[in-house]
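K.L.:
My structure is below; once you've seen it, I'll send some questions.
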Amino acid sequence: MDVLTLSRIQFAATISFHYIYPPLSIGLGVALVIMEALWLKTGNPIYHQMARFWTKVFALTFAIGVATGIVMEFEFGTNWATYSRFVGDVFGSALAAEGIFAFFLESGFLAVLLFGWDKVSRKMHFFSTCMVCLGAHFSAIWIVVANSWMQTPAGYHIVETANGPRAEITDFWAMVFNPSSMDRLFHTLCGCWQAGAFLVVSVSAWYLLKHKHVEFAKRSMRVGLGVGLVAALLSLVSGHDSAIGVAKNQPAKLAAFEGLYETTTNAPLVLFGWVDEKNERVVGPEIPGLLSYLTHGDASKSVTGLNEFQPEDRPPVQRVFQLYHLMVGIGFAMIGLAVFGTYFCWRGVLFERRWMLWLLVLSVLGPQIANQAGWFAAEMGRQPWIVYGLMRTSEGLSAVVTANAVLGSLVLFTFIYLLLFAVFVYLLNDKIQHGPDEADLTPTGRLAEAMGGHRA
């Protein structure tokens with residue numbers, strides 16, 4: 001394989017592995033805020049026990065996320081030096097803002113969150129939990145802003161330098177609020193909230209199946225399902241808004257999402273299928289007019305097809321189509337799972353339905369797969385542009401990097417990341433098998449747990 005293909009595979013591999021952990025941290029941060037708020041409000045020690053247990057899981061995901069994210073910063077310089085020079089002014093501003101507003105805030109209060117349980121007041125500890133959660137969200141904001149600028153550049157001008165053209169910011173806030181940033185941010189955060197929520201749901205369902213830590217599991221389940229249901233429903237709204245933006249700003253990407261080759265009115269929405277690229281059509285069930293209606297609010301409006309673009313300017317249709325539909329399919333499955341889980345929980349019959357509990361154990365995989373599929377669809381749908389309409393991916397490579405060097409580092413990173421993943425799974429399983437500490441419940445709390453909780 002050539003250096004371009006290897007460099008893209010390497011970056012895809014490192015970012016895919018890294019992207020397992022930040023969504024978990026962001027979603028768990030929201031769950032921690034809710035659990036600790038319930039402890040402050042009710043005084044029920046079981047919420048204190050829940051907050052302490054899930055804080056340990058949060059710390060694990062945070063640590064692995066930081067370790068795996070560092071590599072990508074170096075890849076910009078080693079593999080994509082030309083691209084880095086082109087976007088340096090834009091990315092430098094966004095990443096500096098992340099360091100100031102996100103990393104310092106998050107890491108500054110993390111020590112209080114982890115070690116301050118018996119050293120600061122309850123309110124101060126709750127404040128620290130909120131700040132860590134906010135910091136995690138700020139980090140997502142600036143990363144998505146930087147990536148969205150690659151999708152829909154705004155607030156810049158091109159300056160010719162001795163080393164080639166360079167994008168420089170002319171309007172910082174236009175760069176931040178570029179045409180796709182807010183829609184993509186909201187949709188990304190919904191996926192993150194689901195990732196953390198369904199981890200809580202999965203572990204809680206496992207405890208219930210094994211009849212361990214029953215009251216702890218029931219309370220955690222309610223929090224996880226509540227966050228998961230809200231996030232899953234919001235994902236539907238944010239995804240629709242994001243797709244409308246894609247239709248306006250990146251019509252080739254939307255056409256690849258739907259496998260649409262001919263510009264047409266009453267454009268159909270394909271439910272699933274296979275793209276016959278040779279004959280330029282999709283084989284699969286479709287709903288006539290629905291794509292036009294969802295995109296424009298009017299089925300009689302036309303949707304731009306791939307044939308409006310030169311073949312060299314089109315995304316890889318088959319892969320983009322399948323990844324996009326995988327994300328959408330899992331998204332609807334998570335809505336259904338959250339709705340039925342919440343309904344059964346509200347009816348008080350969830351904890352006796354073992355088949356449903358097994359589905360909830362497996363639910364932790366849904367947001368992770370959907371997040372990865374959605375990210376890949378968005379990035380591959382931008383191809384062949386690394387900065388949409390300004391720089392092709394092939395133009396962003398470093399001039400001196402060789403295929404052998406990239407291949408060697410790819411093999412090495414894959415080995416190291418597999419070891420890190422094994423460590424993560426081992427430590428997470430160890431924490432789950434150990435379960436919540438009984439020491440986190442006072443004698444009054446243990447009595448409350450045995451009686452089903454003295455305050456809801």
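K.L.:
Here are some residues: HIS187, HIS240, HIS213. Which one is more than 23 Å from the chain's Cα centre (by Cα) and of a type outside the set (Phe, Trp, Tyr)?
P.N.:
HIS213
K.L.:
Kindly list the number of the only condition in (1) surrounded by fewer than 17 Cβ atoms within 10 Å (Cβ to Cβ); (2) free of Cβ contacts under 8 Å to residues at least 60 places away in the same chain that fails for TRP117.
P.N.:
(2)
K.L.:
If GLN151 meets every condition in (1) of a type in the set (S, T, N, Q); (2) touching a residue at least 60 places away in the same chain (Cβ under 8 Å); (3) more than 22 Å from ALA81 (Cα to Cα) apart from one, which number is that one?
P.N.:
Condition not satisfied by GLN151: (3).
K.L.:
Taking region 50-76 as the region of interest, how many residues are free of Cβ contacts under 8 Å to residues at least 12 places away in the same chain and either farther than 18 Å from SER139 by Cβ or among the small types (Gly, Ala, Ser) (or both)?
P.N.:
Summing the residues that are free of Cβ contacts under 8 Å to residues at least 12 places away in the same chain and either farther than 18 Å from SER139 by Cβ or among the small types (Gly, Ala, Ser) (or both) in region 50-76 gives 2.
K.L.:
Moving on to the next point. Got a number for residues in region 79-105 being more than 30 Å from GLY408 (Cβ to Cβ) and without any contact (Cβ under 8 Å) to a residue 40 or more places away in the chain?
P.N.:
Total meeting the criteria: 6.
K.L.:
Residues ALA247, ALA205: which one is farther than 30 Å from ALA81 by Cβ and at pLDDT below 90?
P.N.:
ALA247
K.L.:
ALA197 versus (1) in contact with a Gly (Cβ under 7 Å, 6 or more places away or on another chain); (2) modelled with pLDDT of 90 or more; (3) surrounded by fewer than 21 Cβ atoms within 10 Å (Cβ to Cβ); (4) not β-branched (Val, Ile, Thr): which is the lone unmet condition?
P.N.:
Among (1) in contact with a Gly (Cβ under 7 Å, 6 or more places away or on another chain); (2) modelled with pLDDT of 90 or more; (3) surrounded by fewer than 21 Cβ atoms within 10 Å (Cβ to Cβ); (4) not β-branched (Val, Ile, Thr), the lone unmet condition for ALA197 is (3).
K.L.:
Would you say ALA167 is surrounded by 22 or more Cβ atoms within 10 Å (Cβ to Cβ), over 30 Å from LEU360 (Cα atoms) and modelled with pLDDT under 90?
P.N.:
Yes, satisfied.
K.L.:
On to the next question. For the structure I just gave you, tell me whether ARG446 is among the charged types (D, E, K, R) and either outside any helix (DSSP H, G or I) or at pLDDT 90 or above (or both).
P.N.:
Judged against the criteria, ARG446 is not a match.
K.L.:
For region 204-229, give me each residue that is at positive phi and in contact (Cβ under 8 Å) with a residue 12 or more places away in the chain.
P.N.:
Hit for region 204-229 is HIS213, nothing else.
K.L.:
Among the residues of region 342-365, which ones are assigned to a helix (DSSP H, G or I), of a type outside the set (A, V, I, L, M, F, W, C), more than 16 Å from VAL230 (Cα to Cα) and free of Cβ contacts under 8 Å to residues at least 24 places away in the same chain?
P.N.:
ARG347, GLU352
K.L.:
Just give me the residues in region 67-102 being under 30 Å from ARG166 (Cβ atoms) and among the aliphatic types (A, V, I, L, M), in sequence order.
P.N.:
Scanning region 67-102 gives ILE70, VAL71, MET72, ALA81, VAL87, VAL90, ALA94, LEU95, ALA96, ALA97, ILE100, ALA102.
K.L.:
For LEU337, indicate whether it is surrounded by 15 or more Cβ atoms within 10 Å (Cβ to Cβ) and in a helix (DSSP H, G or I).
P.N.:
Yes.
K.L.:
If you take the residues in region 178-188 that are in contact with a helix residue (DSSP H, G or I) (Cβ under 6 Å, 6 or more places away or on another chain) and part of a helix (DSSP H, G or I), which one is nearest to PRO153 (Cα to Cα)?
P.N.:
Among residues in region 178-188 that are in contact with a helix residue (DSSP H, G or I) (Cβ under 6 Å, 6 or more places away or on another chain) and part of a helix (DSSP H, G or I), the one nearest to PRO153 (Cα to Cα) is SER181.
K.L.:
Another question, then. Kindly establish whether ALA136 is under 22 Å from GLY99 (Cβ atoms) and assigned to a strand (DSSP E or B).
P.N.:
Considered against the rule, which asks whether it is under 22 Å from GLY99 (Cβ atoms) and assigned to a strand (DSSP E or B), ALA136 comes out as no.
K.L.:
Follow-up. Given LEU260, LEU229, which one is more than 22 Å from the chain's Cα centre (by Cα) and either assigned to a helix (DSSP H, G or I) or surrounded by 15 or more Cβ atoms within 10 Å (Cβ to Cβ) (or both)?
P.N.:
LEU260
K.L.:
Still on this structure, I have one more. Of the residues that make up region 292-310, is at least one touching a residue at least 12 places away in the same chain (Cβ under 8 Å), touching an Asp or Glu at 6+ places or on another chain (Cβ under 6 Å) and not in a helix (DSSP H, G or I)?
P.N.:
yes
K.L.:
Here is a check on your reading of the model: is ILE369 part of a helix (DSSP H, G or I) and either β-branched (Val, Ile, Thr) or surrounded by fewer than 17 Cβ atoms within 10 Å (Cβ to Cβ) (or both)?
P.N.:
Answer is yes for this residue.
K.L.:
Are there any pairs, at least 6 apart or on different chains, whose C-beta atoms fall under 6 Å, with the first in region 321-341 and farther than 25 Å from LEU260 by Cβ and the second among the hydroxyl-bearing types (Ser, Thr, Tyr) and buried (at least 23 other Cβ atoms within 10 Å of the Cβ), and if so, which?
P.N.:
Qualifying pairs under 6 Å: LEU337/SER363.
K.L.:
Among the listed residues VAL270, VAL237, VAL282, VAL275, which satisfies the condition of being closer than 25 Å to LEU337 by Cα, β-branched (Val, Ile, Thr) and crowded, with 16+ Cβ neighbours inside 10 Å?
P.N.:
VAL270
K.L.:
Shifting gears a bit: Determine which member of the set LEU323, LEU254, LEU362 is within 30 Å of HIS18 (Cβ to Cβ), surrounded by fewer than 14 Cβ atoms within 10 Å (Cβ to Cβ) and touching a helix residue (DSSP H, G or I) at 6+ places or on another chain (Cβ under 8 Å).
P.N.:
None of the other options fit; the residue is LEU362.
K.L.:
Does region 263-280 hold any residues that are assigned to a strand (DSSP E or B) and either under 31 Å from the mean Cα position of the chain (by Cα) or modelled with pLDDT of 90 or more (or both), and which are they?
P.N.:
LEU269, VAL270, TRP274, VAL275, ASP276, listed by residue number.
The values are calculated or read from the model by the stated rules, or taken from the named source; none is laboratory data. Predicted, not measured: the structure shown is a model, and the values here were computed from it. Ideal geometry is used to build each Cβ from the backbone, glycine not excepted, and the neighbour counts take in all protein chains shown.
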